[in-house]
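First the structure, in the form of structure tokens, and then the observations on it.
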Amino acid sequence: MPTQIIPPSYNEHFIKTLRWDGKDQRISIGDCLFLQVRKSSKTWLVRRRLSGKTSVTTIGKHPDLSLKNARVKAMKIVMASTVSVFTVEQLVTKYMQEVVELKHKRPDLAQGYMDRAVLPTIGTQKVRDITRAQLVKLIQDYSKRGARTADQLRSNLKKLFSYAVELGHRDDNPMLDVTSRITGYIPKSRDRVLSDDEIKDMWTWKNNPQGWQRTEDNTRILRFLLLTGLRINEARNGYQVGDKWIVPKEISKNGNAHWVYLTETAKQQLPLPSCTTTNIQAWLKRRLGLDNDNRYTPHDLRRTCATRMADNGIEPFIVERVLNHKLEGVMAVYNRAEYEAERIKAALVMEKILIGITYASK
């Protein structure tokens, strides 16, 4: 492919009006930045020599990436490639501070994968030296904790090294083509709803003499989730105001502030014991048996609450309000009603259902 040198007068207008002339061409902008012009696209490239070999990095397409921004991005990559001695530990610290902690609702989950798997194995190595084979082995070694958690690690590594490319510490993301096949994880949609017997059994769990397994304390969280339809994080980080449990927008999954009505039975579960989301999930898994393929999760209690309400006459859009789901279609645009009385009724219906189940045959 021939290389054309653009005269010093080039600018954004020149790039925008440049047309394919019947053959592909690669145009030198200067400072290792090139524009590859093809029939259907204009692509920005950074071409330079690294360790005696030509390295090519694709940084974006025009007009999504303007000439000005392409030059800035190319300069960062060129500078980083010559001086970067960034270690994985430094990358993790920067990624957590500048990406995860600012944008993720649960930064502790990502930090856990970094602390348990990434930092102990490759933390001291330079980012530019990490290979795909290393990362695949790391993920597969981690799969002894389970296919799903190994796949979560895979997802976190992909985002971490994508950030390294953005910062210019690598030319490529070694995780780019690594799929869930290496973990064996097959995602399944869940429709698990607890049976009457499962609810009754869970409701009667008592304290275990082992201090680490405060069964009755943890059971109060599960009861609270079943009564309110809340997520664990909303139950842990919300707060009580009179007869309502308030979920601030900062911890709400869809960014909307929310409340649920507290029945007398829900109030009896307060104060909730202090524990992390991971703690209660792991504890319930142990309690139900690690090898039980049909075990339920804390989130299944939320689904059970919604299903039981709907099965007992609560209108679907009221159930959606209770769960703080975003409404669809016309309802999302025009229906701003709080439906306070209806939501209170739904909570009372759920309480009545659970009392009927848990005190049956007593």
Fill in the blank from the handout: The correct count of residues that are over 28 Å from Leu160 (Cβ atoms), open to solvent by less than 40 Å² (accessible area, probe 1.4 Å) and assigned to a loop (DSSP other than H, G, I, E, B) in region 170-209 is 3
Exercise for the section: Under 7 Å between Cβ atoms, at least 6 apart or on separate chains: pull out the pairs that start in region 122-143 with a residue that is exposed (fewer than 15 other Cβ atoms within 10 Å of the Cβ) and end on any residue that is among the hydroxyl-bearing types (Ser, Thr, Tyr). Expected result: Thr124/Thr87; Gln125/Thr87
Exercise for the section: Spot the failing condition for Lys73; the list is (1) open to solvent by 50 Å² or more (accessible area, probe 1.4 Å); (2) closer than 22 Å to Thr131 by Cβ; (3) at pLDDT 85 or above, and only one is missed. Expected result: (2)
Handout entry: Filter pass, Ile357 being surrounded by 16 or more Cβ atoms within 10 Å (Cβ to Cβ), at pLDDT 95 or above and not charged (D, E, K, R)
Key = no
Practice task
Return yes when Gly146 is among the small types (Gly, Ala, Ser), surrounded by fewer than 17 Cβ atoms within 10 Å (Cβ to Cβ) and under 30 Å from Gly238 (Cβ atoms) and no when it is not.
Solution key: yes
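The values are calculated or read from the model by the stated rules, or taken from the named source; none is laboratory data. Just so it is clear, the model here is predicted, and its values are computed rather than measured. Cβ: placed from backbone, ideal geometry, glycine included. Neighbour counts: every protein chain shown. For the accessible areas, the whole protein counts, side chains as well, though only heavy atoms, and no ligand, DNA or RNA atoms are used. Shrake-Rupley method; radii C 1.70, N 1.55, O 1.52, S 1.80 Å.
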